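The values are calculated or read from the model by the stated rules, or taken from the named source; none is laboratory data. Computed from a prediction, not measured in an experiment: that's the story for all the values here. So basically every Cβ, Gly included, is an ideal-geometry build from the backbone, and we count neighbours across all protein chains shown.
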Amino acid sequence: MKKTKEEVLKLINKNKIQAVRLVFSDILGQLKGMSITRSEIEKVLEEGQGFDGSSIEGFVRIQESDMVAMPDLDTFKIFPWLLGERAAAIVFCDILNPDGSAFEGDPRYVLRRNLERLKKKGWTYYLGPELEYFYFKTNGHPEILDEGGYFDYSTINAGVRLRKKTTTALEELGIPVECSHHEVASSQHEIDLLYQDALTMADSTMLYRLIVKEVAQEEGYYATFMPKPIFGINGSGMHTHQSVFAGNKNLFFDAKDKYHLSKAGKSFIAGLLHYVRDFTLVTNQWVNSYKRLVPGYEAPVYISWARRNRSSLVRVPMYKPGREKATRAELRCPDPACNPYLAFSVMLAAGLKGIEQNLELPEPVEEDIYHMSLAERKKRKIETLPDSLENAIALFEKSSLMRESLGDHIFEKLIANKKKEWDEFRVHVSKYETDRYLPFL
């Protein structure tokens with residue numbers, strides 16, 4: 001049920017809220033926003049808050065800078081702790097042009113627009129991302145807090161305490177958590193959010209990253225979603241479980257199929273496999289993202305699907321009787337530093353295109369692809385993801401599907417931003433180069 005202005009004001013008064021954070025995402029998925037005081041709240045809930053969009057990455061030029069942040073009342077949440085000395089709340093905003101029309105450079109609008117295609121069919125897109133991250137002692141150097149491994153459990157470890165406190169804060173914010181645990185690498189953790197519809201999950205992902213960082217900072221530590229902060233150990237991924245429902249029916253499930261996948265489910269997965277090279281720039285958007293996408297560290301590199309094989313790009317968890325609604329595809333390449341609104345948009349666009357084109361899903365690859373020879377991979381037509389930001393840009397730039405799903409504005413702004421990032425990285429002289437070449441050149 002939609003929240004009304006009156007209901008929100010009642011919550012504000014009941015909880016003695018003195019400040020409300022108005023938040024939104026820039027093109028790169030960085031949370032932006034401003035705080036308004038209690039005296040301004042009623043007006044802003046009705047009319048929105050004007051701001052200068054010319055300094056927001058991927059928004060507008062300086063000569064057309066006026067924008068309006070319009071609160072989406074359904075996203076209003078009260079913070080579980082004081083901000084300074086004040087009780088505070090947070091609400092996501094849709095970004096509007098001065099004439100009240102939707103701003104095409106707003107990532108949240110892009111996801112809404114893609115979801116409209118599903119809504120017309122009576123379908124709902126559900127997602128369950130698994131965001132991994134690291135805790136470090138400071139933000140100046142990646143000094144780990146523990147030597148733990150996968151599923152290690154401790155009641156006295158600082159990282160475990162931070163994770164538990166974060167999970168509690170998320171639940172108090174109304175963001176349901178499925179489970180949490182230590183990940184493979186030292187000082188690496190994961191909190192899994194319970195399946196939600198795509199827009200709710202994108203908002204929840206933005207809040208998840210904020211809360212993880214704020215809890216760590218409050219305790220004197222630093223949390224990072226950087227894909228590969230330490231050389232030689234696993235990086236952080238965002239394995240994304242996804243399915244499409246018509247009402248209460250999972251459209252991916254077919255009891256008669258040997259894999260328990262319907263024709264629509266198979267074509268959706270085939271779409272992910274077919275178009276993943278087009279959208280890798282969105283799901284893995286940083287130079288550092290491609291330090292994670294290398295063989296040997298659980299991150300997928302080879303384009304294939306499987307049920308048990310975690311070296312494959314897409315995994316379809318084995319069917320359990322009575323769990324038809326749990327049938328889903330797990331895309332394993334995204335990392336947690338992506339823009340969730342854009343990432344979910346391009347995943348959906350690829351899957352729907354697969355259904356529209358009746359793409360055939362190849363047989364699963366259950367063997368360890370990392371140990372296959374190049375000739376064997378070529379024989380089985382197993383392609384690879386782009387291996388650098390530069391190559392991801394080149395593939396993205398040629399994709400009509402990406403332009404269509406993201407819109408001209410974000411498509412072109414993202415390319416420009418990423419080319420600038422690649423150029424800055426390309427000309428940088430690193431410590432690796434000075435250590436290696438100075439002694440003999």
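Might you check whether a residue that is in contact with a strand residue (DSSP E or B) (Cβ under 9 Å, 6 or more places away or on another chain) and assigned by TED's automatic domain parsing to the domain that holds residue 377 occurs anywhere in segment 278-286? Yes, some residue in segment 278-286 is in contact with a strand residue (DSSP E or B) (Cβ under 9 Å, 6 or more places away or on another chain) and assigned by TED's automatic domain parsing to the domain that holds residue 377.
Looking at 366, 383, 356, just one residue is surrounded by fewer than 24 Cβ atoms within 10 Å (Cβ to Cβ) and more than 20 Å from residue 295 (Cβ to Cβ), and that residue is 356. Scanning segment 378-395 for residues that are touching a residue at least 40 places away in the same chain (Cβ under 8 Å) and in contact with a Phe, Trp or Tyr (Cβ under 7 Å, 6 or more places away or on another chain) turns up 382, 384, 387, 388, 389, 393. Here residue 315 meets each of (1) surrounded by 20 or more Cβ atoms within 10 Å (Cβ to Cβ); (2) of a type in the set (D, E, K, R); (3) over 22 Å from residue 127 (Cα atoms) with one exception, condition (3).
Among the numbered conditions (1) more than 17 Å from residue 341 (Cβ to Cβ); (2) in a helix (DSSP H, G or I), the only one that residue 440 does not meet is (2). From the list 58, 29, which one is closer than 30 Å to residue 289 by Cβ, touching a helix residue (DSSP H, G or I) at 6+ places or on another chain (Cβ under 9 Å) and at pLDDT below 90? Of 58, 29, the one residue that is closer than 30 Å to residue 289 by Cβ, touching a helix residue (DSSP H, G or I) at 6+ places or on another chain (Cβ under 9 Å) and at pLDDT below 90 is 58. Here the condition is being at pLDDT 90 or above and either of a type in the set (D, E, K, R) or crowded, with 19+ Cβ neighbours inside 10 Å (or both); of 105, 122, it holds for 105 alone. Filtered by the rule that a residue be at pLDDT 90 or above, in a loop (DSSP other than H, G, I, E, B) and either aromatic (Phe, Trp, Tyr) or farther than 27 Å from residue 17 by Cβ (or both), segment 61-96 gives a lone residue, 76. If the requirement is being of a type in the set (D, E, K, R) and touching a Lys or Arg at 6+ places or on another chain (Cβ under 9 Å), which of these qualifies: 192, 203? None of the other options fit; the residue is 203. Considering segment 285-327, and only residues there that are hydrophobic (A, V, I, L, M, F, W, C) and not in a loop (DSSP other than H, G, I, E, B), the residue that is modelled with the lowest pLDDT turns out to be 326. For segment 162-199, how many residues meet the condition of being in contact with a Leu (Cβ under 9 Å, 6 or more places away or on another chain) and hydroxyl-bearing (Ser, Thr, Tyr)? Residues in segment 162-199 being in contact with a Leu (Cβ under 9 Å, 6 or more places away or on another chain) and hydroxyl-bearing (Ser, Thr, Tyr): 3 in total. Within segment 186-224, the residues that satisfy the criterion of being crowded, with 16+ Cβ neighbours inside 10 Å, in a strand (DSSP E or B) and in contact (Cβ under 8 Å) with a residue 60 or more places away in the chain are 190, 191, 192, 193, 196, 222, 223, 224.
The one condition from (1) charged (D, E, K, R); (2) touching a residue at least 40 places away in the same chain (Cβ under 8 Å); (3) out of contact with any Gly (no Cβ under 6 Å at 6 or more places or on another chain) that residue 256 does not meet is (2). Restricting attention to segment 6-57, the residues being among the basic types (Lys, Arg), assigned to a helix (DSSP H, G or I) and surrounded by fewer than 13 Cβ atoms within 10 Å (Cβ to Cβ) number 3. Scan segment 417-425 and give yes if some residue there is closer than 20 Å to residue 286 by Cα and part of a loop (DSSP other than H, G, I, E, B), otherwise no. No, segment 417-425 contains no residue that is closer than 20 Å to residue 286 by Cα and part of a loop (DSSP other than H, G, I, E, B). Scan segment 328-374 for residues that are acidic (Asp, Glu), under 28 Å from residue 31 (Cβ atoms) and assigned to a loop (DSSP other than H, G, I, E, B) and the total you get is 1. Kindly indicate whether any position in segment 170-185 is surrounded by fewer than 23 Cβ atoms within 10 Å (Cβ to Cβ), under 18 Å from the mean Cα position of the chain (by Cα) and assigned to a helix (DSSP H, G or I). Yes, segment 170-185 has at least one match.
When you check residue 405 against the structure, is it surrounded by 12 or more Cβ atoms within 10 Å (Cβ to Cβ), out of contact with any Pro (no Cβ under 8 Å at 6 or more places or on another chain), polar (S, T, N, Q) and over 30 Å from residue 308 (Cα atoms), yes or no?
Against the criterion (surrounded by 12 or more Cβ atoms within 10 Å (Cβ to Cβ), out of contact with any Pro (no Cβ under 8 Å at 6 or more places or on another chain), polar (S, T, N, Q) and over 30 Å from residue 308 (Cα atoms)), residue 405 qualifies.
List the number of the failed condition for residue 282; all other conditions in (1) more than 25 Å from residue 372 (Cβ to Cβ); (2) touching a helix residue (DSSP H, G or I) at 6+ places or on another chain (Cβ under 7 Å); (3) part of a strand (DSSP E or B) hold. Checking residue 282 against (1) more than 25 Å from residue 372 (Cβ to Cβ); (2) touching a helix residue (DSSP H, G or I) at 6+ places or on another chain (Cβ under 7 Å); (3) part of a strand (DSSP E or B), the one that fails is (3).
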